[in-house]
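Take a look at the structure below.
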Amino acid sequence: MTGPLSDLRIVEFSGQGPGPFAGGLLADFGADVIRIDRPAEPLLPPKYDFYNRNKRSIALDLKSPAGHQAALALIAAADVVIEGYRPGVMDKLGLGYDACASANPRIVYGSMTGWGQDGPMAREAGHDINYLALTGALDAIGYPDRPPAPPLNLVADLGGGGMYLAFGILAAVHEARRSGQGQRVDAAMIDGVSHLMSAFTAFTQQGTWTERRAGNIVDGGSPDYGCYETADGKHVAVGAMEPQFYAALLDVLGLDPAAIPDRTDRANWPALKQLFAERFRQRTRAEWEAAMAGRDACFSPVLSIAEAWAHPQMQARGVHAEFDGLLHPAPAPRLSRTPGSLRRATPAPGENSREICADWGLPQALCARLEREAGPPRSAVGTG
């Protein structure tokens, strides 16, 4: 194993979304992440399950005595557990925090939920859009004449969920190596998103943020911060908030600051947005890219996912890398001396069971029982 986290052993119970994403971040930087999968075919062909690259898989039936014993044996040898089930589910399996802490007092037990471990909604189902809705973030995104616009599942699942879980785990591991005691990391998406909303929580109390969508400085309301259609039906994005950048934007657009409405008065924003929209529709996206190059106008083309792969800046940075026959996002962020890496393709459930048993020191008799229960070893052949 290579990377700054190569001395970190993690047991991750299979799931979807933010839990696997957090485990994937840690795996990219060298952590030995063992994913406990159900002994069944995966929902997504492993090749396309990017969150689970760099991990290994063991298939266990957690309701069987052998599967339960193996899970506890892995946890006893681990530094971290990651689970993303509703509160109480792991306790029913005999693998909740208390049981795991009894098996390994140093264990850092990361629990990923939407609503948190407590409160009246703790056991209710939900998805990214629901957690985003409850925090006030969703209501702030979009335009006033349309319903709020879900920003993919980036904000709650990954930003407020997976990222905060990974940070909490690393903080708790750091402390555990000092104290010798583990603890539970209760990562709730409503907590993380609310923390991401810190500035807007402050602005609301200051009185500088309106609840009207697209009526504020960074929500598409201000003429200098938004997207505009070009002559070829494509779009560009501008974020020229500061005076020098705004001046550069006006210069490229061919607008005299003295002859247009003052942007500091919000009452002028609709007229300015209309004026900017008319100007941007006069040229194609490529023509605006050429005109804006090197002008410091906080300008960029709005690219499709596929277009982004080929952009010169993305190419120069190596933002994506060929791996396992597909284009993957490269590990992020960049570490100068011990960077993350792409080492293992996503395994099929149970693909690494035998080697995990050996590497993690599970009793041979138990390994033999697991192998008999699992039947022939699985592989990723034929998964797309």
Exercise for the section: Select, from G350, G361, the only residue that is in a loop (DSSP other than H, G, I, E, B), touching a residue at least 40 places away in the same chain (Cβ under 8 Å), in contact with a Lys or Arg (Cβ under 6 Å, 6 or more places away or on another chain) and over 17 Å from F50 (Cβ atoms). Expected result: G350
Fill in the blank from the handout: Apart from one, (1) over 16 Å from G192 (Cβ atoms); (2) in a loop (DSSP other than H, G, I, E, B) all hold for A101; the odd one out is (2)
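A quick yes/no check of all residues on (1) out of contact with any Pro (no Cβ under 7 Å at 6 or more places or on another chain); (2) small (G, A, S); (3) within 22 Å of D324 (Cα to Cα); (4) surrounded by fewer than 22 Cβ atoms within 10 Å (Cβ to Cβ):
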| site | (1), (2), (3), (4) |
| --- | --- |
| D7 | yes, no, no, yes |
| I10 | yes, no, no, no |
| G23 | yes, yes, yes, no |
| V33 | yes, no, yes, no |
| A40 | no, yes, no, yes |
| I58 | yes, no, yes, no |
| A71 | yes, yes, no, no |
| A77 | yes, yes, no, yes |
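L138 - would you say it is surrounded by 18 or more Cβ atoms within 10 Å (Cβ to Cβ), of a type in the set (A, V, I, L, M, F, W, C) and within 21 Å of G17 (Cβ to Cβ)?
yes
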Practice task
Answer yes or no: is there a residue in segment 40-59 that is touching a residue at least 60 places away in the same chain (Cβ under 8 Å), in contact with a helix residue (DSSP H, G or I) (Cβ under 6 Å, 6 or more places away or on another chain), of a type in the set (G, A, S) and part of a helix (DSSP H, G or I).
Solution key: no
Handout entry: Matching residues in segment 262-295 - criterion: being touching a residue at least 12 places away in the same chain (Cβ under 8 Å) and assigned to a loop (DSSP other than H, G, I, E, B)
Key = R263, R281, Q282, R283, T284, R295
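Does A40 meet the test of being hydrophobic (A, V, I, L, M, F, W, C) and modelled with pLDDT of 95 or more?
Against the criterion (hydrophobic (A, V, I, L, M, F, W, C) and modelled with pLDDT of 95 or more), A40 does not qualify.
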Problem - Tabulated pairs, segment 7-32, first in the same structural domain as G350 (by TED's automatic domain parsing) and over 21 Å from A71 (Cα atoms), second at pLDDT 95 or above and in a strand (DSSP E or B), C-beta under 7 angstrom, 6+ apart or interchain - result: P18/M112
Exercise for the section: Check segment 132-149 and report whether any residue there is touching a residue at least 60 places away in the same chain (Cβ under 8 Å) and under 30 Å from S179 (Cβ atoms). Expected result: no
Handout entry: Qualifying positions in segment 11-25 - in contact with a helix residue (DSSP H, G or I) (Cβ under 6 Å, 6 or more places away or on another chain) and of a type in the set (A, V, I, L, M, F, W, C)
Key = V11, F21, A22, L25
Practice task
Return yes or no: is R334 part of a loop (DSSP other than H, G, I, E, B), more than 19 Å from G67 (Cα to Cα), in contact with a Gly (Cβ under 9 Å, 6 or more places away or on another chain) and free of Cβ contacts under 8 Å to residues at least 12 places away in the same chain?
Solution key: yes
Exercise for the section: Take the residues in segment 193-220 that are in contact with a Pro (Cβ under 9 Å, 6 or more places away or on another chain) and surrounded by 16 or more Cβ atoms within 10 Å (Cβ to Cβ), then tell me which one is farthest from G17 (Cα to Cα). Expected result: G215
Fill in the blank from the handout: Subset of segment 106-119, residues in a loop (DSSP other than H, G, I, E, B) and either crowded, with 19+ Cβ neighbours inside 10 Å or out of contact with any Gly (no Cβ under 6 Å at 6 or more places or on another chain) (or both), comes to I107, G114, W115, G116, Q117, D118, G119
Handout entry: Some residue of segment 135-150 being among the polar types (S, T, N, Q) and out of contact with any helix residue (DSSP H, G or I) (no Cβ under 9 Å at 6 or more places or on another chain)
Key = no
Handout entry: Residues (in a loop (DSSP other than H, G, I, E, B) and on the phi < 0 side of the Ramachandran plot) located in segment 296-326
Key = A297, V302, L303, S304, H311, V319
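When you go through G19, G94, G15, G3 one by one, which is the residue that is surrounded by 23 or more Cβ atoms within 10 Å (Cβ to Cβ) and more than 18 Å from W360 (Cβ to Cβ)? Quick ask: steps written out before the conclusion?
Values: G94 fails: surrounded by 23 or more Cβ atoms within 10 Å (Cβ to Cβ); G15 fails: surrounded by 23 or more Cβ atoms within 10 Å (Cβ to Cβ); G3 fails: surrounded by 23 or more Cβ atoms within 10 Å (Cβ to Cβ).
Of G19, G94, G15, G3, the one residue that is surrounded by 23 or more Cβ atoms within 10 Å (Cβ to Cβ) and more than 18 Å from W360 (Cβ to Cβ) is G19.
Conditions tested, residue by residue: (1) over 18 Å from P349 (Cα atoms); (2) touching a Ser or Thr at 6+ places or on another chain (Cβ under 6 Å); (3) modelled with pLDDT of 95 or more; (4) not aromatic (F, W, Y).
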| position | (1), (2), (3), (4) |
| --- | --- |
| L26 | yes, no, yes, yes |
| F29 | yes, no, yes, no |
| H68 | no, no, yes, yes |
| L74 | no, no, yes, yes |
| G84 | no, no, yes, yes |
| M90 | yes, no, yes, yes |
| L93 | yes, no, yes, yes |
| A101 | yes, no, yes, yes |
| P105 | yes, no, yes, yes |
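The values are calculated or read from the model by the stated rules, or taken from the named source; none is laboratory data. Remember, predicted model here, so these are calculated numbers, not experimental data. Backbone-built Cβ (ideal geometry, glycine too); neighbour counts: all protein chains shown.
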